[in-house]
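Quick notes on the structure that follows.
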Amino acid sequence: MKVTICRKAHFNAAHKLYNKNLSMERNREIFGKCSNENYHGHNYELIVKLCGEINKDTGMVYDLGDLKNIIKTEIEDLLDHKNLNIDIPYFNDIIPTTENLSVFIWNKLRNAIELDCEISVILYETPRNFVEYTG
Ligand code: NI
């Protein structure tokens, strides 16, 4: 019997969406105001889901306290109040869209969570715009 457990988290970060191989005009066409040279910020909301079997000894899929701590150390401490383009080397050559950021977060969590389970990441860039990545 598989059950999905979920944990919400939050961080603020700045970025700009800009492909350095394209002209400023083309970037403006593709990314609009998100290509603004001096960056802009978002209040990101993150939902992490783990789908797995209920452990017979604990009655839990995974300890939500452990999940909270992993999200804090792996994601929030790394990304909160950062400039994604400048502070996070991964985004030196990868455009920090919500899509790419959700993949980055998923990979960090997958490496940190030693459980045979399906991991899903839902990342809200705005209250209405969000992305899901399931690996
Ligand atoms: Ni943006």
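The values are calculated or read from the model by the stated rules, or taken from the named source; none is laboratory data. All figures in this text were calculated on a predicted structure; none of them were measured in a lab. Using ideal geometry, Cβ is built from the backbone for each residue, glycine included, and neighbour counts are taken over all protein chains shown. Remember, those area values only see protein heavy atoms, side chains included, never the ligands or the DNA or RNA. Shrake-Rupley method; radii C 1.70, N 1.55, O 1.52, S 1.80 Å.
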Tabulated pairs, the range 121-135, first outside any strand (DSSP E or B), second open to solvent by less than 70 Å² (accessible area, probe 1.4 Å) and within 13 Å of the ligand (Cβ to nearest atom), C-beta under 6 angstrom, 6+ apart or interchain: Glu125/His42; Glu125/Thr98
Report, by residue number, each residue of the range 28-57 that is more than 16 Å from the ligand (Cβ to nearest atom), assigned to a loop (DSSP other than H, G, I, E, B) and open to solvent by 80 Å² or more (accessible area, probe 1.4 Å). Lys56, Asp57
How many residues are touching a helix residue (DSSP H, G or I) at 6+ places or on another chain (Cβ under 7 Å) and open to solvent by 50 Å² or more (accessible area, probe 1.4 Å) when one looks only at the range 81-105? 2
With in a helix (DSSP H, G or I), buried (at least 17 other Cβ atoms within 10 Å of the Cβ) and under 15 Å from the mean Cα position of the chain (by Cα) as the only criterion, which of Lys108, Lys68, Lys72 stands out? Lys108
Hits in the range 9-27 (condition: part of a loop (DSSP other than H, G, I, E, B), free of Cβ contacts under 8 Å to residues at least 12 places away in the same chain and among the basic types (Lys, Arg)): Lys20
Give me a count of the residues in the range 1-27 that are closer than 20 Å to Val121 by Cβ, within 13 Å of the ligand (Cβ to nearest atom) and among the hydroxyl-bearing types (Ser, Thr, Tyr). 0
Please determine whether any residue of the range 111-121 is of a type in the set (D, E, K, R), away from the ligand (no atom under 14 Å from the Cβ) and surrounded by 14 or more Cβ atoms within 10 Å (Cβ to Cβ). no
